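The values are calculated or read from the model by the stated rules, or taken from the named source; none is laboratory data. Worth saying up front: this structure is predicted, and the values here are computed from it rather than measured. Don't worry about glycine lacking a Cβ; one is built from the backbone with ideal geometry, like all the others, and counts go over all protein chains shown. These accessible areas exclude ligands, DNA and RNA; they are computed on the full protein's heavy atoms, side chains included. Shrake-Rupley method; radii C 1.70, N 1.55, O 1.52, S 1.80 Å.
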Amino acid sequence: MNSYLLRRLLPFFIFSIGIELCFMLLQVVQNATNFDFSFLAIVKTLGVLLLTSSVSFLFVMQAYVFYLLILPHDKQNSRLDKIITTATFFIFAVSALCKGAVSQIFWEEFSSSFNYIVIDYIIFTHQVLGNLEHAYPIAKILIAIFVTAIIFTILAYRWLFTEIKAPAFGRRLFQSIIYGMVCILAYININVADMEISPNSFNDEIAKEGAFSLFNSLHKNEIEYDKFYLTNSQTDNLQILQKIFGSKNITFINPKKNITRQISSFKPEKRANVMLVIMRGISSEHLNAKHKGYIPNLQKLSTQSLYFPNTYATTPSTFGALEAIDLSLPPLPGLSLFGLPNNQQPHGLGAIFKSKGYDTKWIYASYGVLDQTDKFLAEGDFEILDRSKWQKGDISYADLLSASDEDLYNKALSEADKSFASDKPFFSLLLTSSNRYPYSLPDSFTGFPETANRRQKAVIYSDYAIGQFLERAKDKPWFDNTIFVFVADRASRKSRLPDATLETYKIPLLIYAPKLIKARQINTEISQIDVAPTILGLLNFNYESSFYGTDALGKDYVSRLFFSRWQKIGYKSNNIEIRLIPGKKYSVTPETTNAKEAQKYLNEAIAFYQQAAQSNNLSE
């Protein structure tokens, strides 16, 4: 190798690729049952890893390339050069090993390479490190990383320098400019969205080098719908949606521009209180008879409630669930609205209940500033009562991020008492935290089977806290006039199938009000975005709506399911499933669907998603 620049970079590159291959092998071993070991799949996976690792390497080494540019010719291989280069390699080795370790931890939580989810955890380092120390031996891991970096620096020392003479400054400047141009071209043309080289999602995710995946996602995950997905004219879309939403009690306010409509009830409005609890990671299958005794409180509650066992989440994301439940919004591609700059809360449940004279409260046992729920929901007419607003006496157990579910429910009861004392009805929106990583639970609760893992223990504890909550609520003077709604954000994590089926999105919805609502089970498939209009329908509210869901108890209800997986978005109605794919592509399931019917449901899918994207400024 006669190129001075390439020869100086070679030891760094070999080490970088070696570390990536080691961590890739670890992830493959951990997920052997899900990995596609066919020859072509392996070749593609290794090819993407090499490409993304190379691009990441180009960016990481820019500072060292600049150093080689300004290094005087007579200082090559000098003592100063050796000190700087050796120190650079050591720092590079530590960074690569730390990135690998963190990506492994991220993989264990999300079964994914880095993406935009990680950014808040980078910013709020103190809280995250506290949680990591709870779950992992961080000190030992760091010591191992430093020792390993020292060993590799010693082994690589003799290869860090070369007898090849550095070219003249002009030549080095030309090489550096070419290097920079390659970086720019790589940034513009190589996108993590194009790295799905296998029908197996494990191969896709394992193939992506961590730093490349992270920074590419952060910069490019705000997707312009009109640019990447199939579209129709706004006139056609609105005609389709207004036909779907139209009925005798609905008046469209501006039919040429949007779907905003006035919904009128033929019955007197009810002034019942509502407590809407979003439960983390509870699947419908947890409530099945075969799991009898696993979560006894929710299983018992399902027989005493208006129970929808075939409810479907819209995304694998808690924030996607908040958008679906509060805003009745289908899952939009790319970043959640919570993560978009200058996001503004559309008209949701908070605004509707506020207009009816309710106290509207967002009660959260974690810090809303970490995930931007405080800002987003404050704009949605909620009083923010996240952990930062709690008093010390409100918390009996907490890790650095979240208080326990018992504390959350006790806070909700206390706030309900305040509203009742002020003679005001209340709408409280709660999000649980105990059934989330790192699954920290109060030491006082020990009701676990010996074989239960951390996640299972968290589910069992979450169910216990719900039971305690309802027992205490029954003694309150406002209980008889209160509707309790329990809905999961997403199903518990399952095996990542080649293209996740809708069954992996199935969650429970329970509406409990023994004095107001008759208990029964409704097996109709409904979407998470139907939760809001169904609650408002139970209350016979007259309200202005921009919702994309409909009242699941309405006599004309038609099941329409919405779901997203990364940048693919889906729609199912009448057993026909449409998936919209970047690149203005789509698929229809079953494939035997006749062309006319397939086109009908394709047009419906486009109408819902394109209109929702345009209404929320995610289109060109």
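General remarks:
- Segment 542-595 - residue that is polar (S, T, N, Q) and part of a strand (DSSP E or B) and, of those, surrounded by the fewest Cβ atoms within 10 Å (Cβ to Cβ): S587
- Whichever residue in segment 363-405 is surrounded by 20 or more Cβ atoms within 10 Å (Cβ to Cβ) and small (G, A, S) and, among such residues, is farthest from A465 (Cα to Cα): G380
- Looking across L71, L26, L80, one residue alone is closer than 22 Å to A168 by Cβ, loosely packed, with under 15 Cβ neighbours inside 10 Å and not charged (D, E, K, R). It is L80.
- Count of residues meeting criterion [modelled with pLDDT of 95 or more and either among the polar types (S, T, N, Q) or closer than 12 Å to S545 by Cα (or both)] in segment 265-277: 1
- All positions within segment 242-273 that are of a type in the set (D, E) and surrounded by 15 or more Cβ atoms within 10 Å (Cβ to Cβ): none
- Among the residues of segment 420-440, at least one is assigned to a helix (DSSP H, G or I) and either open to solvent by 50 Å² or more (accessible area, probe 1.4 Å) or of a type outside the set (G, A, S) (or both).
- Residue among V128, V102 that alone is closer than 25 Å to D399 by Cβ, at pLDDT 70 or above and under 21 Å from the mean Cα position of the chain (by Cα): V102
- Flag if S336 is under 22 Å from the mean Cα position of the chain (by Cα), open to solvent by less than 20 Å² (accessible area, probe 1.4 Å) and modelled with pLDDT under 90: yes
- Residue pairs meeting the criteria (Cβ under 9 Å; at least 6 apart or on separate chains; first on the phi < 0 side of the Ramachandran plot, in segment 156-170; second of a type in the set (D, E)): F161/D81
- Residues satisfying the stated conditions in segment 230-258, i.e. under 18 Å from E604 (Cβ atoms), out of contact with any strand residue (DSSP E or B) (no Cβ under 7 Å at 6 or more places or on another chain) and in a loop (DSSP other than H, G, I, E, B): T231, N232, S233, G246, S247, P255, N258
- Condition check for G281: assigned to a loop (DSSP other than H, G, I, E, B), out of contact with any Gly (no Cβ under 9 Å at 6 or more places or on another chain) and closer than 17 Å to T432 by Cβ: yes
- Residue match in segment 395-411 (condition: of a type in the set (D, E, K, R), modelled with pLDDT under 90, in a helix (DSSP H, G or I) and farther than 18 Å from W478 by Cα): no
- Exactly one residue out of L561, L538 is modelled with pLDDT of 95 or more and farther than 20 Å from I352 by Cα, and it is L561.
- Restricting segment 453-473 to residues that are in contact with a Leu (Cβ under 7 Å, 6 or more places away or on another chain) and modelled with pLDDT of 90 or more, the residue that is most open to solvent (accessible area, probe 1.4 Å): R472
- Condition met for L301 (crowded, with 19+ Cβ neighbours inside 10 Å and touching a strand residue (DSSP E or B) at 6+ places or on another chain (Cβ under 7 Å)): yes
- For E415: the one exception among (1) in contact with a helix residue (DSSP H, G or I) (Cβ under 9 Å, 6 or more places away or on another chain); (2) open to solvent by less than 40 Å² (accessible area, probe 1.4 Å): (1)
Every residue, every condition in (1) hydroxyl-bearing (S, T, Y); (2) touching a His at 6+ places or on another chain (Cβ under 7 Å); (3) under 30 Å from S355 (Cβ atoms); (4) free of Cβ contacts under 8 Å to residues at least 60 places away in the same chain, yes or no:
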{"position": "E406", "(1), (2), (3), (4)": "no, no, no, no"}
{"position": "K418", "(1), (2), (3), (4)": "no, no, yes, yes"}
{"position": "Y437", "(1), (2), (3), (4)": "yes, no, no, no"}
{"position": "F448", "(1), (2), (3), (4)": "no, no, no, yes"}
{"position": "R455", "(1), (2), (3), (4)": "no, no, no, no"}
{"position": "L470", "(1), (2), (3), (4)": "no, no, yes, no"}
{"position": "F479", "(1), (2), (3), (4)": "no, no, yes, yes"}
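- All conditions but one from (1) more than 23 Å from the chain's Cα centre (by Cα); (2) open to solvent by 20 Å² or more (accessible area, probe 1.4 Å) apply to L539; the one that does not is (2).
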